[in-house]
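Here's the structure we're looking at; comments come further down.
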Amino acid sequence: MTLYIILILSVFADTAFTSGIYGDIGKVPTTGASLKTAQQDKLKYSGVDASKKLAETDLVKMIQYKSKIQSVATKTQMDAALIAGIISRESRAGSALKNGWGDNYNAYGLMQVDKRYHKIMGTWNSEQHIMQGAEILKSMYGAIKKKFPSASKEMLLKGAIAAYNTGQDRVKNLNDVDAYTTGKDYANDVVARARFYRSRGY
């Protein structure tokens, strides 16, 4: 009986860890990647399946950051799978970077922190850098919650993901959070990628 209780508690603890406190990524509605985004890997289809394929392509490189991602997730109570989803979208788990930089040397690291708006912290692939990205995402969640106080956690989370890319002021409607994001699919793509990473133990 004692062993059974321990196993049950372990399951619940794991569930609490993966979903975080900012909404369940598994319940966030998503249409996945646009065809333009999917064409990064020469895919001829769009949607959730395209996002999953893009995330799968990045999985081998993502594994080396798994312990850092999970550590940050524990400290920030942010979903580890979501952090991985952002890393996949922003930097393709580092493969899209040159000396740690992307976006014409304006954005740095796995989570592409923009030097024009933030003081860069840590090396491009460090836990400190991932922590900074996660804290920025948390701050976006707080800002979106102030704008839409009656929205569900899941819709606030989707809005925060979009705001991470385009800024809180450009998230004007939670039913169309990607209206101003890169590719007009950022949040939808990240959510779908995050679901893939959750299925892989993030």
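Readers should treat all values here as calculations from the given coordinates under stated rules, not as data from a laboratory. Quantities reported herein were computed from a predicted structural model and do not represent experimental measurements. In this analysis, Cβ positions are derived from the backbone assuming ideal geometry, glycine residues included, and neighbour counts consider all displayed protein chains.
Structure above, values below:
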| quantity | calculated |
| --- | --- |
| Nearest-20 debye value, the chain charge dipole, Cβ charges on Lys, Arg, Asp, Glu | 220 |
| Inter-label distance for Met121 and Leu59, nm, one decimal - labels placed 7 Å from Cα along Cα-to-Cβ | 3.2 |
| Eligible aspartates and glutamates near Lys75 by straight Cα distance, threshold 16 Å, same-chain separation 8 or greater | Asp14, Glu127, Glu135 |
| Net +/- balance of residues flanking Asp169 in space, Cβ distance below 14 Å, scoring K and R +1, D and E -1 | +4 |
| Within the chain, helix-based [θ] at 222 nm, where runs of 4 or more DSSP H residues each add -39,500 (n - 2.57), nearest 500 | -17500 deg cm²/dmol |
| Rel. contact order, % - alpha carbon contacts under 8 angstrom, at least six apart, the chain | 28 |
| Global geometry of the chain, whether rounded, prolate or oblate, following the gyration tensor of its Cα atoms and the 1.5 cut on a/c | rounded |
| Violating pairs (Cα-Cα greater than 21 angstrom) within the set Lys27/Lys52; Lys27/Lys68; Lys52/Lys145; Lys68/Lys147; Lys27/Lys145; Lys27/Lys61 | Lys27/Lys68; Lys52/Lys145; Lys68/Lys147; Lys27/Lys61 |
| In Hz, Karplus ³J(HN,Hα) per residue of the stretch 181-188 (6.51, -1.76, 1.60; θ = phi - 60°; x = Gly, Pro) | 7, 4, x, 6, 8, 3, 5, 4 |
| Asp114 long-range amide H proximity, modeled H, under 5 Å | Tyr108 |
| Cα gyration tensor, the stretch 62-141 - rounded (a/c under 1.5), prolate or oblate | oblate |
| Cα-based reach from Lys146 at 20 Å (exclusive), listing lysines while leaving out same-chain residues under 8 positions away | Lys138, Lys158, Lys172 |
| J(HN,Hα) series, the stretch 119-134, from Karplus relation 6.51 cos²θ - 1.76 cosθ + 1.60, nearest Hz, glycine and proline x | 7, 5, 10, x, 6, 4, 10, 8, 5, 4, 5, 4, 4, 4, x, 5 |
| Cα lying deepest toward the dipole's positive end in the stretch 121-202, options Thr182, Tyr164, Pro149, charges on Cβ | Pro149 |
